Amino acid sequence: MAAFNVSPTRAPNTKKHIDSYIDYESRSGDLTSDSSFQSSQDGRRKRMDALNLQPKKRKIRPSDLDDTLSGWVPLRDDNTGAREESDEEGDEEELEGAGGKRKRYDSSDDPMKLWRPLADLFLDELLRHEALPTTSKCACCAKPWGPAARKFRCKACGMFVQCADCVLERHQLSPLHSLEVRVDNSTIHGPDACRQEWSGKFWTATSLCGLGFVYQLGHGGFPCPRPAPAVRDMVVMDFPAIHSVKLRYCGCDLSDHANNLQQLLRNGWYPATTVDPGTCATLHTLDIFRMQNVVGNLTVHDAVRVMERCTDATRVKGVPDRYKAFGRMSRQFSFLKRLQRAGRAHDARGVTGTRAGECALLCWACPQDGMNLPQGWRDVSPEFQFLYMLILAVDANFHMRNRLRANQRDDPPLGDGWAYMLEEHGYYEHLQNYVGEEDVSTCIAFQALLQKDTRITTGLRCSGVGGVVCARHELVRAQGVGDLQKGERYSNMDYIVLSAVLGILALWLAISYDIACQWRIYFPKRMENMPERLRLDLTKITLLFALPVWHAAAHERSCQAQNSLTYTKGVGRTDGEGIERTWSRFNTLGWASREMARGARADAIDDRLDHHNWEKNISLGTTLPHKLVVAIEERDRQVAGFEQVDSSLEEGLREEWQAMVDAWVSDRDQPNPYVASKTENVSETTIRRELAKEELEEAAALAPGRKLHGTSMSAFLVMGLQLESQQSRIRRELRHRPLLVADQTERISQMRRSFFVKLVRFRRLQAVYIPGAVELLMEDEDSRDSELPAPEAEDVSLYLPSGLPAARRAGCSEKILQREARLREGQLGDGIGKLRRALLSRTHLWDWKDVRVRGQRAGTRSAVLSQRVEENIQEIAKKYRSNRRALIALRGADKCEEWKELREEDIRGDDIDDVDAGARRRLGRVGSSTRERYRSKVAGRKQDGGKRAKKQMSWIWTSGGGPGEDEGELREAVRIEWSRAQARRDRWTEEVMLLREEMKRVLRFLHSRAIWWEERLVVEREVREDVRAGLRAYAARQASTARAIARRFRSMWDTAAAEVVRAALEDEAGMVPGEGEEDVVQSGDEGEDTAFAEMPDAANRPPIGKKTPATRCVGPSLKTIYF
């Protein structure tokens, strides 16, 4: 059998009877190969062989991965057009469509209006409880009252009246109820009331202890066959009161030989000490206080005061002081709850085997390898790898200061480094080796950079904290918070950031930091001095650095564009300000923890951050779809906007500009396509040097024996310009100081004397260089009234060439006219640069005031500073206009077109890329728990009636006084708009893809967490059987909770976009789930995990934007818990 190979494009040679060929690049499945056909000479037998087998090269999308959720698309936007609408507007539209507006009712619109006439009724009913009900017998045993019977009632049980025997019997199992007693004679009997005089018939407080009641531990209040002989006194703190209780410990075998501590804990009473405790707090009270502390910032001091006032508001009786004891118990209880939720009780290593960061609550939506990423995520095509990028935000908070105390004891944290605060030993050991830092200041002097080594720290153990959060969901990273000893030093922030990313397996890491432009320069070099365990392998991970959106306004324009998140691929519409929103919730903790010892403060911060992370995680069910609706709408708008700009371009121009964008993305040292290519203005200093060089050349060219004047022409002109500036300073002092005090008057007098001393020399030189000015001065003197005083320094006419009348200026030499014109150009260029910097400072000052300034004192200082900055801007503008008029007088208006007229509307900030600022603000506000102050100012200050996005950039932000009208500059303007429109389109497209991927990651994380808890149903520790049963029950409940949350999220995310918006708006009004850490979950059917089932067909769901009935699918009812 002979085999021959030919190309399929070449016809077989029938004369030679060659009947075999190769079919190149035939494909089958995921393989490519060359097919060889062979036939016998007689043509009866044929065989095909596959040669050169190779895997097919194709684009791998995230939907191609082997994952249950890979084909699921949350809020599928087949029909776009869903708009975010307010709760009231949506309801009103729906009702209008049904035939009219809804009927108004006072009961819902103004309930206080209905209550006011009934105030007397409510007051009478409240006072009715002060009297004895009209009853002649005990409500429980029905025995009639005796003549001196003591009558009791318990508000916790009900307002009915009981006798002494019944009240003791009913409260055998409830020793912490508060009682009231009433007797019918003139003296109150009983141990607690024998010192009180009876002055009428009313209810008075008493206690079970006063009735001789003794509570039995070990049996829940039931009798013990062999109780301990001693009766103990115990102070029990049970919100809202503090109780004195008599009790006996159990001594029989039914208590399993539990010691006193175990008996108290099994009864739900947490002991304040481990040796012979005399104070306890109920677990319910500790749970309530922790919730009030992390939600409402209630301190231990205030909580104890509340219980003291509820126990005895009149302070007639003595209430035991249990402030320190309650502080210890609450701190220990919160720490134990964090251990419990982290599964430390289920680990064979026990509590002491806890690793760094192991008790921290992770972000459900951020990429966590092995938890919420699909298999093969590293193999996706490069254009989709941004979906698995970790985006972090870094910043410092100087409200979290902590003072040194002379009497403080060594009080280490209960779990040093186990959650969010850094482990102290390694951190401080690193800082001890710190000596100094090398800074590179290539941007505007930013506050954090200026104060990193100069912040006042006298009397402070730390001046604040540095932190790292996930920029998109605002959860604090494990090991992501550390104390700052002296400002925001690189050595501190480097260690905090590297600790927060320890162990990550992402391919891309983006970091947003308000001084990222400076911090990133030597970051790889500084990382070499870090402990080896913290160093990142830069060969396996790509680092990106960017500026937060709001903070970027304080940087130079070139720095903004170079480090903008808008132009950073893969970050979507992340604003980088999530850490600022996080810090705003913790400023109140700064005041509460300022005097704490270091250990108590670290535990308090860990507890508050734990609650913050939980709230952010559990709110993802509403915030993610709400953000997705906003992103889909804005993406469609930006896509349409870009297509409109792009459709008018020539093909060659589009390819040229796209190549420029690609080159800049690959290497940011290349020309930036998003900003105008500007050439810096020539400064006055440069022009002075050039003039001095020219004058030296002129002097060298003079004939021998000729001499120039001792002061050159340019030096004379500079002297005149300096005198002009001095006159302006004097006028500014007089204009802004209407009521002059002694020192201000003396300062102005000194400025005037200095002016006249310099003027004498200037006049002598003026006679040499500008003879025509002498004649004008003589004419002015002759026309002045001799009886009037001489003009002040600020009113003196200098008569530089530009200030001469046109007829007199013609007598000046052309050389002096040209040289003054060049010096005026230098001053104009300097003025534009100063104006830009002043506007940047004003923008930063405005935003800083809106967000950070609180209180009258700080507000007054900020207002004064703002006024000074505004005055400076106006003075710079005034000097620019004066120099421009002088230049026009010297050269003519037609030769000064490059220096445009500076109008008031031109004096505004660089409105860089604010077309989608409104949508970006809406995206950042989703999920915010507090109302944002001055939202329009913080995220982007609106000017001129909110038309900022429609305005063109002010000409002062381009070089040489602004762009002209030539074709090249117009083409550049179109190129900038095209590049920015493309960037906005790409970022919003990425935002939609990121949000959908984050939804999938949340469901994957909950699924993996449920499996993690189910694995702990097999207890590895050697414990008693009853403890083992408790561990198994807790693990089962946590797994059920994770699956219940996943089902609820999935049911919400399967709805239409418009329905999600309505649900999110309703949830913002108060649906954020409470902690309820240990409450039972209504988990529903546990046989099937419906949260991970296949998504229903899109045809069965209403399209986005279509009106649907006002019903909400909120999934199974549940009370969420930590896990």
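The values are calculated or read from the model by the stated rules, or taken from the named source; none is laboratory data. Quantities reported herein were computed from a predicted structural model and do not represent experimental measurements. Neighbour counts are summed over all protein chains in view; Cβ atoms, including those assigned to glycine, are modelled from backbone coordinates with ideal geometry. Just so you know, the surface numbers come from the protein's heavy atoms only, side chains and all, with ligands and any DNA or RNA stripped out. Shrake-Rupley method; radii C 1.70, N 1.55, O 1.52, S 1.80 Å.
What FRET efficiency would be calculated for the residue pair ALA148, LEU118, taking the C-beta separation as r and a Förster radius of 35 Å, to the nearest 0.05?
In this case the efficiency is close to 0.30.
Express in nm, to one decimal, how much length is gained between VAL757 and SER70 on full extension, taking 0.36 nm for each residue of separation and deducting their alpha carbon distance. Can you show the working numbers first?
Working: separation 687, 0.36 × 687 = 247.32 nm, distance 8.30 nm.
Difference between extended and current length: 239.0 nm.
Run the quick spin-label model on THR685 and ARG405: label points 7 Å from Cα toward the beta carbon, then report their separation in nm to one decimal.
5.3 nm
Which peptide among 465-473, 564-572, 552-560 comes first, and what is the full order, when sorted by highest mean count of other Cβ atoms within 10 Å?
On the way: 465-473: 26.2, 564-572: 23.0, 552-560: 21.2.
Per-residue mean Cβ counts within 10 Å order the peptides as 465-473, 564-572, 552-560.
Please compute the modelled spin-label separation between GLU655 and ILE288, points set 7 Å along Cα→Cβ, answer in nm with one decimal.
Going by the 7 Å Cα→Cβ label model, 7.6 nm.
Calculate the FRET efficiency for ARG355 and ARG128 from the Cβ-Cβ distance with a Förster distance of 45 Å, rounded to the nearest 0.05.
Working: r = 61 Å, r/R0 = 1.36.
That pair, ARG355 with ARG128, gives E of 0.15.
Over 21 Å between C-alpha atoms is what I'm after, so list which of LYS758/LYS834; LYS616/LYS1000; LYS693/LYS834; LYS834/LYS879; LYS758/LYS815 land there. Walk me through the intermediate numbers first.
Details: LYS758/LYS834 26 Å; LYS616/LYS1000 17 Å; LYS693/LYS834 26 Å; LYS834/LYS879 11 Å; LYS758/LYS815 24 Å.
Going by Cα-Cα distance, LYS758/LYS834; LYS693/LYS834; LYS758/LYS815 fall outside the 21 Å limit.
What's the FRET efficiency of LEU431 with ARG732 using the Cβ-Cβ distance as r and R₀ = 56 Å, to the nearest 0.05?
Numbers: r = 47 Å, r/R0 = 0.84.
For R0 = 56 Å, the calculated efficiency reads 0.75.
Which loop-located trypsin sites (Lys or Arg not before Pro) does the range 328-425 contain, where loop means any DSSP state but H, G, I, E or B and the Cβ has at most 13 other Cβ atoms within 10 Å?
On the way: sites: ARG328, ARG331, LYS337, ARG338, ARG341, ARG344, ARG349, ARG355, ARG378, ARG401, ARG403, ARG405, ARG409; in loops: ARG349, ARG355, ARG401, ARG405, ARG409.
Filter output for the range 328-425: ARG349, ARG355, ARG405, ARG409.
For TYR522, what accessible surface area do you get with a 1.4 Å probe? Give it in Å², rounded to 10.
Counting only protein heavy atoms, the figure is 70 Å².
What's the center-to-center distance, using Cα atoms, between the range 531-562 and the range 148-162 in Å?
69 Å
Beta carbons within 10 angstrom, averaged per residue: use that to sort the peptides 808-814, 779-785, 613-619, highest first.
Working: 808-814: 13.4, 779-785: 9.4, 613-619: 22.6.
Per-residue mean Cβ counts within 10 Å order the peptides as 613-619, 808-814, 779-785.
How long, wide and thick is the range 468-595, going by the Cα atoms along their three principal axes, in whole angstroms, largest first?
So the three principal-axis extents are 44, 36, 26 Å.
Of the heavy-atom accessible surface of the range 195-300 (probe 1.4 angstrom), what whole percent is carbon and sulfur?
Values: 2780 of 5090 Å².
Of the solvent-accessible surface of the range 195-300, carbon and sulfur hold 55 percent.
Tell me the Kirkwood radius of the range 595-693: reciprocal of the mean inverse pair distance over distinct alpha-carbon atoms, in Å. Please report the intermediate quantities before stating the final value.
Details: mean 1/r = 0.0490 Å⁻¹.
The Cα-based Kirkwood calculation yields 20.4 Å.
Over what distance in Å are the Cα centres of the range 502-530 and the range 1015-1053 separated?
Computed from Cα coordinates, the inter-centre distance equals 38 Å.
If you count only protein heavy atoms and use a 1.4 Å probe, how large is the accessible surface of LEU283, to the nearest 10 Å²?
70 Å²
Alpha carbons only, please: Rg and Dmax for the range 533-615, in angstrom.
17.6, 45
Residue separation times 0.36 nm, minus the C-alpha to C-alpha distance between ASP669 and THR457: what's the value?
On the way: separation 212, 0.36 × 212 = 76.32 nm, distance 3.94 nm.
Here the answer is 72.4 nm.
Less than 17 Å from a label point 7 Å out along the Cα-to-Cβ axis of VAL1027: which backbone N atoms in the range 281-308 qualify, by residue?
Counting backbone N atoms under 17 Å from the label point, the list is empty.
Please compute the Kirkwood hydrodynamic radius of the range 312-401 from all pairs of different C-alpha atoms, in Å with one decimal. Don't skip to the end; give the middle numbers.
Details: mean 1/r = 0.0540 Å⁻¹.
So the Kirkwood estimate lands at 18.5 Å.
Given the options GLN368, THR299, PHE333, identify the residue whose Cα lies farthest towards the positive end of the charge dipole of the range 250-384 (+1 on Cβ of Lys, Arg; -1 on Cβ of Asp, Glu).
Going by the Cα projections, it comes out as THR299.
For the residue pair ALA790 and GLN172, what label-to-label distance in nm results when each label sits 7 Å from Cα along the Cα-to-beta-carbon direction?
The answer from the label model is 11.2 nm.
Quick one: of LYS137/LYS317; LYS486/LYS627; LYS486/LYS525; LYS113/LYS201, which pairs are farther than 28 Å apart, Cα to Cα?
Numbers: LYS137/LYS317 31 Å; LYS486/LYS627 38 Å; LYS486/LYS525 22 Å; LYS113/LYS201 37 Å.
Those over the limit are LYS137/LYS317; LYS486/LYS627; LYS113/LYS201.
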